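Colleague: The structure is given below, and queries will be raised subsequently.
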Amino acid sequence: MFNFIKNIAWYPPAETKIPWSAIITALNNNSTDFKSILCRYLDVKHCVLSESARALLYKLLVILKKRNGIKREEVLIPGYTCYSVAAAIAKAGLKIAVYDLDPKTLHPDIDSLDHALSDKTLAVIGQHFFGYLSPIGELKSMARQHGAYLIEDAAQALGKSEAYNTPGTMGDFGLFSFGRGKPLPVGCGGALVTNNYSDILDAIEFDSGGIGYKSAVVTAATQVISKPYFYWIPELLPLGLGQTVFDPEFNTEGLPRAMESMMVMSMPNLEKLNRHRKQISEIYSEMISSELQNKDSRKKISIIRYPVTMGNICLTKELNRLGVRRMYPHIISKDKTIKLFLNKNYQPVKGADEIAKKLMTLPTHTNINKKIAKNLSEKIISISGENKKC
Ligand SMILES: *Cc1c(COP(=O)(O)O)cnc(C)c1O
């Protein structure tokens, strides 16, 4: 029987991890204040919360647009990134512009960024892919030279290290997400932080998020079906879990109170989650030889998934079952709908395209123990040795 269960176990690509006590408290609707907890943790002065990071990014961009005149109509983002970032820009009535990435490090290609910056640039968005830190200081000074803001998208990097500046606190604004598969995967929610622009944050308002029983129940249900033994259920149902689609029609509501309670209750788990992810990613790093530089020299915080590129390795059904996934389907400029919102003369992004074609990501969450990580690494090594075309 156990073997049978083991054979059907699917490892979810992302997790929703909340202590059950948090869900119960949230359902009892205790009032809480996650804003101050997050400000204190990150050591920043100002913070707004919402139902999602994209809602906050959208509201921020609308205000920046109003204050900076119609000429500044472009927001520069990595050529390969989360589609909801592009959706927030489109919803704000701005143009999407792209810069390239270095396929060896996932860092911005500085020449390409330099080329894309102009007096039309309203803001540059820098991103810490999977929790590997990007050089935000450099991006910020480049943005400054052109009178643009630097928004630090730290949706994948919530955590602290004594050695580095805390991600999300280095740009003019820092963005966090608490959705599924994020560093603190409560199920939904976002935060926007700043040290210097309290007036802008004060101008961001949301309709009340309400009590939020519905999101709490959905989160609880997601948590149940995310257990390995249940994971095949969402894999078979068209729930859209773990997929990113470009949809500028998203909701922009406040954070439901029940979700805020869950954030408060889950926050003490963050360091433990990050430590586990680092341990698992170290196993992958030792065993798998990736073309990406994932070794110790790279600054890292949360490693929500472990990225590898190794030629054109096929993502087999078996790897899929073990939680290996591609990330976003294409570079931003290849998506037919997103194309409508791109600036006219957007530049080619070769590095980003290479990443889009080759990148696979391995799960590092708490359902993955050392043994599973080793097995998974061996699978990947043996499949890459087969050299099969997909
Ligand atoms: C998930 C994610 C977002 C969007 O967060 P939501 O809370 O889902 O809106 C933005 N940027 C990056 C890099 C992300 O991974």
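Colleague: Would you give the gap between the C-alpha center of region 128-171 and the C-alpha center of region 328-390, rounded to a whole Å?
Modeller: A separation of 22 Å, based on Cα centres.
Colleague: Turning to a different aspect of this structure: Viscosity 1.567 mPa s, temperature 4 °C: give me the Stokes-Einstein translational D for region 64-126 in µm²/s, with Rh taken as the Kirkwood radius over C-alpha pairs. Write down the numbers at each step before the final one.
Modeller: Values: Rh = 12.0 Å.
Diffusion coefficient, whole number: 108 µm²/s.
Colleague: Return the long-range amide H neighbours of Tyr99 (sequence gap of 5 or more, or a different chain), with a cut-off of under 5 Å between placed amide H atoms.
Modeller: Ile77, Gly79
Colleague: Within region 72-88, whose backbone N sits under 14 Å from a point 7 Å along Cα→Cβ of Ser118?
Modeller: Under cut-off, by backbone N: 72-76.
Colleague: Compute and list, largest first, the equivalent-ellipsoid semi-axes of region 337-390 from the alpha carbon gyration tensor, each √(5λ) rounded to a whole angstrom. Walk me through the numbers before you get to the answer.
Modeller: Numbers: eigenvalues 238, 57, 14 Å².
Three semi-axes, in Å: 35, 17, 8.
Colleague: Could you pull out the trypsin sites (Lys or Arg not before Pro) across region 26-87 that fall in loop regions by DSSP (anything but H, G, I, E, B) with no more than 16 other Cβ atoms inside 10 Å?
Modeller: Of the trypsin sites (Lys or Arg not before Pro), the ones in loops of region 26-87 whose Cβ has at most 16 other Cβ atoms within 10 Å are Lys45, Lys71.
Colleague: Oh, and also: Would you please classify the overall shape of region 112-208 from the alpha carbon gyration tensor, given that a ≥ b ≥ c denote the square roots of the eigenvalues, rounded means a/c under 1.5, and beyond that prolate means a/b larger than b/c while oblate covers the rest?
Modeller: oblate
Colleague: Here's something else I'd like to know. Which of the residue pairs Lys66/Lys344; Lys160/Lys317; Lys71/Lys160; Lys104/Lys160; Lys65/Lys344 have a Cα-Cα distance greater than 28 Å in the structure shown?
Modeller: Lys160/Lys317; Lys71/Lys160
Colleague: Along Cα→Cβ, 7 Å out, is where each label goes; now give me the distance between the ones at Glu138 and Cys314 in nm to one decimal.
Modeller: So the label points at Glu138 and Cys314 sit 3.9 nm apart.
Colleague: So, one more: I'd like the Karplus ³J(HN,Hα) series for region 368-382: coefficients 6.51, -1.76, 1.60, θ = phi - 60°, whole numbers in Hz, and an x wherever there's a Gly or Pro.
Modeller: Values, residue by residue: 9, 9, 4, 5, 4, 4, 5, 4, 4, 4, 4, 4, 4, 4, 6 Hz.
Colleague: Once you put a point 7 Å from the Cα of Asp43 and another 7 Å from the Cα of Arg298, both along the Cβ direction, what distance in nm separates them?
Modeller: 2.6 nm
Colleague: Another one. Tabulate in residue order the Karplus-calculated ³J(HN,Hα) for region 301-314, using 6.51 cos²θ - 1.76 cosθ + 1.60 with θ = phi - 60°, rounded to whole Hz; enter x for Gly and Pro.
Modeller: Each residue of region 301-314 in turn: 10, 10, 6, 5, 9, 9, x, 9, 10, 8, x, 10, 6, 7 Hz.
Colleague: Which residues' amide hydrogens lie under 5 Å from the amide hydrogen of Lys300, considering only partners 5 or more residues apart or on another chain, with H built in the peptide plane?
Modeller: Amide H neighbours of Lys300: Leu133.
Colleague: Run the numbers for Glu378 and Lys104: contour at 0.36 nm per residue of separation, minus the present Cα-Cα distance, in nm.
Modeller: Here the segment from Glu378 to Lys104 would lengthen by 96.4 nm.
Colleague: Let me ask you something else. Return the sequence-ordered ³J(HN,Hα) values of region 107-112 in whole Hz as given by the Karplus equation 6.51 cos²θ - 1.76 cosθ + 1.60 applied to θ = phi - 60°, using x for Gly and Pro.
Modeller: 7, x, 7, 4, 4, 5
Each reported figure results from applying straightforward, stated rules to the coordinates on display, with no laboratory input. Everything quoted here is computed from the prediction, not taken from an experiment. Cβ coordinates were reconstructed from backbone atoms using ideal geometry, including for glycine residues, and neighbour counts include every protein chain displayed.
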